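The next block holds one structure in the form of C-alpha cells; read it before the comments.
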Amino acid sequence: ATVKMIQNILIGVVAFGVAVYWVTCVEPNSGARPGASEIWYRFPKFVLGFVAASIVFSLLFSYHESGPDVTKAVTNVTKTFRGWFFCLAFVSIGLETRVRELMSRMEGGKPLVLYLCGQTLNVLLTLAMAYVMFNVLFRERVMQLFES
C-alpha cells in the first residue's frame, strides 16, 4: 500500500515532466521555446482530478473525526463503478487500437526497450521516494514503529 501511495504521489510530477519533454524534445515547434499553453495542452488533465481527489480524501481522512468512516463508505459505494469504468477504459483503448499499424512498429524490439526503460524509471523513482519518505522525512516515526 505504501509503494502504491508513493507512486500516486509521483504521477503528477512525472506527467508534467513527460509533457515538458514531449514539447521540447519529441515534437519541438520549429526551434521556438515552448510556452506554458503548449505544455498545458500536452498535459493529461485526468491527473489534476486524480491529485485533487487524493488531496480531498487525505485531508478528510486526517483531519475530520469521522474521516475514516466516510472514506470507507465512499470506497464501498464506488467499488462497482471503479471496476466498470476501468473495464470501459480498456475496452475503449482496445477499440482504438490499429493492430496492423502496431505490428509494423514492433520491428527491432523498440517497444520492448521502451517498456523496460519505463518500468526501470518507475522502480527507480519509487525506490528514491521510499528512501526519502522512510529515511529522511519520517525517520523518527519509522523507528518508533519498529521499537514497539
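Things worth noting here:
- Number of residues in region 36-88 that are under 28 Å from residue 16 (Cα atoms), assigned to a helix (DSSP H, G or I) and of a type in the set (D, E, K, R): the value is 3.
- Exclusive hit being closer than 22 Å to residue 3 by Cα, β-branched (Val, Ile, Thr) and either more than 21 Å from the chain's Cα centre (by Cα) or not assigned by TED's automatic domain parsing to the domain that holds residue 17 (or both), set 142, 70, 56: 142
- Positions within region 10-57 being exposed (fewer than 14 other Cβ atoms within 10 Å of the Cβ), within 20 Å of residue 86 (Cα to Cα) and hydrophobic (A, V, I, L, M, F, W, C), in sequence order: 46, 48, 52, 53
- Which listed residue, of 83, 108, 118, is small (Gly, Ala, Ser) and within 30 Å of residue 133 (Cα to Cα): 118
- Scanning region 89-111 for residues that are part of a helix (DSSP H, G or I) and over 30 Å from residue 53 (Cα atoms) gives 99, 100, 101, 102, 103, 104, 107, 108, 109, 110, 111.
- Given (1) modelled with pLDDT of 85 or more; (2) among the charged types (D, E, K, R); (3) farther than 30 Å from residue 127 by Cα, number of the condition residue 33 does not satisfy: (1)
- Test result for residue 37, of a type in the set (S, T, N, Q) and either under 21 Å from the mean Cα position of the chain (by Cα) or in the same structural domain as residue 117 (by TED's automatic domain parsing) (or both): no
The values are calculated or read from the model by the stated rules, or taken from the named source; none is laboratory data. Source: prediction; values computed, not measured. Neighbour counts run over all protein chains shown; Cβ positions are idealised from the backbone, glycine included.
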